[in-house]
Amino acid sequence: MAMAALRRDGRRIAAPLITPHPINPLRSSLASSDREHTLLGVRSISTQVVRNRMKSVRNIQKITKAMKMVAASKLRAIQTKAENSCGLWQPFTALLGDTPSVDVKKNVIVTISSDKGLCGGINSTSVKISRGLHKLNAGPEKECKYVILGEKAKAQLVRDSKKDIELAFTELQKNPLNYTQVAVLADDILKNVEYDALRIVFNKFQSVVAFVPTTSTVLSPEVVEREAEAGGKLGELDSYEIEGGETKSEVLQNLTEFQFSCVMFNAMLENACSEQGARMSAMDSSSRNAGDMLDRLTLTYNRTRQASITTELIEIISGASALEG
Amino acid sequence: MLRQAPRFLLRRASAAAMRWSRPFSTDLPAETAGDSKFVDAWKKLIPNIDPPKTPSAYMAPRPPTPSTIPSKLTVNLVLPYDSVLSAKEVDMVIVPAATGQMGVLPGHVATITELKPGILSVHEGNDITKYFLSGGFAFVHANSIADIIAIEATPVDRIDQNLVQKGLAEFQQKLHSASTDVEKAEAQIGIDVYSALNAALTG
């Protein structure tokens, strides 16, 4: 009986609130159904939308936290390998020097990137540096080609430099990286690509939050001989006696091929470390963002819930006071 | 609020680290002439992006050739997955060069040699450590630093005699039944390595 009176009064109070034009039955937006429920006196504003959002954001937070831990454990495994291999390229640089500004006709840029995404900006950095090197070494008689390792760089470079891509390798990290695999890969590259200078672009792992883009240059045996004769950094190479093998050029060829495989091995390990580190920090910041979003949504949810309770209280109290007096 | 503090600090620290990821300038060795040419050419063409670093920025420069012959030889033995010896001061090393065993003393003339599978012996005072190397390169520099780069190096006492005999027999058999040049070459390499292992154990 009281409820019937309440409902009558509710309708009477709500009557001036009804808009002049009739409510369109086809309009099924949530706002209108809220208003209709308000008119009938049922508990109103739905918290369902906010609750759905909160559930999905919470799931995303769990996933990104798990991805961060996976990346952390993979990083630990591969970081020891990378640190152990850091002595591998130093003898070559000590002997043959570091000549990034060498001027040759056939440049090949070997870009190392990851296959999977969600790893921050390291792949874009590598691609930007590769494009920069391409621009630096392009000229009237010079040519510059790409050899790409990893899906992400391939996707970016295919867009504007498709004709310059010589070879592309993907799915390199299915099995843990070891020297044999890299040696076979280096052999493949050296056999199929004509080069005077190979420039390897990768991200060197300095710490979990710092990755430095680096480029190592490996010269072909003919260019090494030419630079040795010209003097400069490689000028001391002639003072070294060459033993083993029949001719000096044969030994130099073996030397440059060995150098390429060693430098590639170290570069791939460092890039893999950088990838895991970048993924860790990307997933960490996304978990934190999800947490912030969840806090804001919780506040909205509580506000909505309290508003609906307050509205119901107001209706009851105003109804009761209308009955009394 | 205190719970948020470590997270807040970590965020500030990582942001600070990302903004200033370069080490102090006193830690880095001075850039060499070739590098500055590269850096200048890069900055002219591509001013918006920082030039990439090159390997010499991560390496301490090697000491110059001293005027007198030093008393000890500095040896670095590196493998792809480990540095077995790094900057170790020894009296002599004997490397298995492709042309035979080669002894390296301090003051040896600068040499680049290819290595074949064999024994590397490191002499320091009265200790002799022997490693079996799989092959690689050895550089001897004029400043009495020797770099030996190999793919595998195992101490000789870890090698099993029976497995060596079995492997040798297996590869000899493969050589007999090999038909293509590639198979013959592979079998020959196997025989070379196993006979060197055999010689290492007996010799």
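Structure notes:
- Shape category assigned to region A:274-324 from the gyration tensor of Cα positions, a/c cut at 1.5: prolate
- The packing ranking of peptides A:158-164, A:181-187, B:186-192, highest mean first, is A:181-187, B:186-192, A:158-164, where packing means the average number of other beta carbon atoms within 10 angstrom of each residue.
- Highest-first arrangement of A:193-203, B:38-48, where packing means the average Cβ count within 10 Å: A:193-203, B:38-48
- Area accessible to solvent at A:TYR301, 1.4 Å probe radius, in Å²: 50 Å²
- Threshold 50 Å² - residues in region B:81-110 whose accessible area is reduced by that much or more when the chain is no longer isolated, probe 1.4 Å: B:ALA110
- Under 16 Å from the Cα of A:LYS81 - aspartates and glutamates, other chains or at least 8 residues apart: A:GLU270, A:GLU275, B:ASP82, B:GLU152
- Solvent-accessible area per residue for region B:77-189 (1.4 angstrom probe, square angstrom): 48 Å²
- When the charge dipole of region A:53-212 is built from unit charges on Cβ atoms (+1 for Lys and Arg, -1 for Asp and Glu) and taken about the Cα centre, the candidate among A:VAL201, A:PRO91, A:ILE60 whose Cα reaches farthest toward its positive end is A:ILE60.
- Considering only region A:127-245, percent of DSSP beta bridges that pair antiparallel, nearest 5: 70 percent
- Counting only other chain Cβ atoms within 10 Å of each residue's Cβ, the peptide A:250-259 averages 2.
- Residue by residue along B:57-66, Cβ atoms of other protein chains within 10 Å of the local Cβ number 3 on average.
- For the segment A:82-90, counting C-beta atoms of other chains within 10 Å of every residue's C-beta and taking the mean gives 6.
- Probe 1.4 Å, protein heavy atoms only - accessible area per residue of region A:125-284 in square angstrom: 42 Å²
- Cα-projected label distance for A:ASN289 with A:LYS116, points at 7 Å along beta-carbon direction, nm: 1.9 nm
- Taking packing as the residue-averaged number of other Cβ atoms within 10 angstrom, the listed peptides B:91-104, A:251-264 run from highest to lowest as A:251-264, B:91-104.
- Chain pair B, A: total accessible area buried, heavy atoms, 1.4 Å probe, Å²: 4300 Å²
The values are calculated or read from the model by the stated rules, or taken from the named source; none is laboratory data. Just so we're clear, the structure is a prediction, and the values are computed from it rather than from any experiment. With ideal geometry, Cβ positions are generated from the backbone for all residues, glycine too; neighbour counts draw on all protein chains shown. Each accessible area value is taken on the protein alone, full model and side chains, heavy atoms only, with ligands, DNA and RNA left out. Shrake-Rupley method; radii C 1.70, N 1.55, O 1.52, S 1.80 Å.
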